[in-house]
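The values are calculated or read from the model by the stated rules, or taken from the named source; none is laboratory data. All values reported here derive from a predicted model rather than from experimental measurement. Using ideal geometry, Cβ is built from the backbone for each residue, glycine included, and neighbour counts are taken over all protein chains shown.
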Amino acid sequence: LESEITSEALMELDEDDREKILSRLSPKEIAKEIEEMDTDDAADVVAELDDHIQQKVIEKIKDEEHASDIAELLTYDEDTAGALMAKELVQVKETWTVAGCVREMRRQAENVTRVHSIYVTDKDGKLKGRLSLKDLLTASAKTHISEVYIPKVDYVTVATEDEEVARIMHKYDLEAIPVVDEEGILVGRITIDDIVDFIKEEAEKDYQLAAGISQDVEADDSILELTKARLPWLILGLFGGLASVFILEDFESIMLNPRIKALFYFTPLIAAMAGNVGVQSSAIIVQGLANDIVKGSLWSRLLKEVGLSLINGTVLGILVVIFGFIMNYELDFSITIAVSMLSVIIIAALIGTFVPIILDKKGIDPAIATGPFITTSNDIFGIFLFFYIAKLILGF
C-alpha cells in the first residue's frame, strides 16, 4: 500500500493498536508514514514514541521544513493550543494584490488538506485579519488585500489552554481558529476536527471520573492498571460506609424502642435520595462549568438550589406522608420521615452545587464531584441528619 493510504489508516487506529504497529517499524519506515501526515497528526504520532526514537524519526524525514515543524510542535505543553495546532494554513500579505494573492494561494493550498480560512498578515508575519473568499472573488485583480480583508478575527496564542480553545470555538461556532505566538506572529491554526477529538477525550475522562475511575483507562488494559484506577475511590466509599456505621451506632437506642425502630427501615431511602439529589445537582453544575454557562455569584446559585430543593422535597415529603397513612404509621412518625427527607434533599443539593464550583475555582477538575465523592459525603450527612431530626421530633 502507498504511504498516503497507510498513514491515514494509522491515524484512524486506536492509540494502543497504533503503538503496537509502530513498535515493529524502523525509524525510517515511521518517517515515511509521517511525511504524508499533517504536522499536528505527525506530532501526535511522534509524541507517542519513546524519547530515544523520536529524534531518529525526525532526522529521517526528507522534507526539512516538515521535520522542523513537527519538532516545534513537540516543544509545546500538551494541554495548550501550540500542541493542538497544525502548521499547514493559507496566509496572504496585506500588501499583495488579489491576482498575486490567488497565485500564492494555489501554491500554498497544495499542502493544506482543507482550506477553512484565509489569514492576512503584515510584512513581519503578524496576524492582521482574515479574508473572505467571496470578497476575494468579487474584487478586481489589481485591488490590494488591505482594501478587502476583515480586520476582526478571533485567535488564540500558543500558550492558551486547550479547554479555552474549545470554549472559544464552540462559543463563536468556528471551523478553524488561528494561533499566534507571544509577538502576534501567525504560527498555525486549529481546526474543528482537532477540537472534536479533544472534546471526545475530555468527555471520556470526565465520565470515568464521575464513575469513580481516577485514571484514563480502557476495557482491555491490564488488571493492575484497572485496579489502580478504581481502588482509590472504592477505598473512599469504604471509609464513608464505615463512618455511616459509627453514626448508626450512636442511635442504637432506636432499636430498643418498638414504636420508632421502623426508622431504620427508611435509612436506605434517605441515603439513596441524598445521593441522587447530590449527583443531579453536581452533574448540572459540572456541565454548566464545562460550557461556561454558570452565571452569577455562588450565593445566587446556592439560593436557586435551595428553592428547587424546597419544591422537590415538599412534593416527595407529601408522598411519604401519604405512604405512611396507607401503612397506618403514626402521623408524627410520617412527618419525621418527610421533614428529614426535605432537609436531606436541601443539604445534598447544596453540597452537589458548592463542591464543583469550589473545585473549579481551585483549578481542580470538578468532574470528580459527580461520582463517589458526592455520593459518599451525602450518604454520611443524610443518615446523620435523618436520625438527628428524628431525635428532635420523636424525642428518643
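Among the candidates F333, F384, F323, F373, the residue that is among the hydrophobic types (A, V, I, L, M, F, W, C) and modelled with pLDDT under 85 is uniquely F373.
Checked against the criterion of being under 30 Å from D360 (Cβ atoms), modelled with pLDDT under 90 and not assigned by TED's automatic domain parsing to the domain that holds A47, the candidates R167, R114 yield just one match: R167.
For (1) in the same structural domain as R18 (by TED's automatic domain parsing); (2) in contact (Cβ under 8 Å) with a residue 24 or more places away in the chain, each residue gets a yes or a no:
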residue	(1), (2)
E36	yes, yes
D40	yes, yes
A43	yes, yes
H52	yes, no
Q55	yes, no
I61	yes, yes
I70	yes, yes
V92	no, yes
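Evaluated against (1) free of Cβ contacts under 8 Å to residues at least 40 places away in the same chain; (2) buried (at least 17 other Cβ atoms within 10 Å of the Cβ); (3) farther than 19 Å from I195 by Cβ, Y155 falls short on exactly one condition, (3). When the criteria are applied in full, A43 meets the requirement of being touching a Leu at 6+ places or on another chain (Cβ under 6 Å), assigned to a helix (DSSP H, G or I) and surrounded by 14 or more Cβ atoms within 10 Å (Cβ to Cβ).
When region 102-140 is filtered for residues that are among the small types (G, A, S) and closer than 28 Å to E183 by Cβ, the ones remaining, listed by number, are A109, S117, G125, G129, S132. From the list G275, G324, which residue is touching a Ser or Thr at 6+ places or on another chain (Cβ under 7 Å) and free of Cβ contacts under 8 Å to residues at least 60 places away in the same chain? The unique qualifying residue is G324.
Restricting attention to region 46-84 and to residues that are among the acidic types (D, E), modelled with pLDDT of 90 or more and assigned to a helix (DSSP H, G or I), the residue that is surrounded by the most Cβ atoms within 10 Å (Cβ to Cβ) turns out to be D69. Only one of the numbered conditions (1) free of Cβ contacts under 8 Å to residues at least 60 places away in the same chain; (2) closer than 18 Å to E72 by Cα; (3) surrounded by fewer than 20 Cβ atoms within 10 Å (Cβ to Cβ) is violated by E175, and that is (2). Within region 236-265, if we keep just the residues that are surrounded by 13 or more Cβ atoms within 10 Å (Cβ to Cβ) and of a type in the set (F, W, Y), the residue that is farthest from T375 (Cα to Cα) turns out to be F251.
Look at I260 and say whether it is over 20 Å from D360 (Cα atoms), modelled with pLDDT under 75 and among the aliphatic types (A, V, I, L, M). It is true that I260 is over 20 Å from D360 (Cα atoms), modelled with pLDDT under 75 and among the aliphatic types (A, V, I, L, M).
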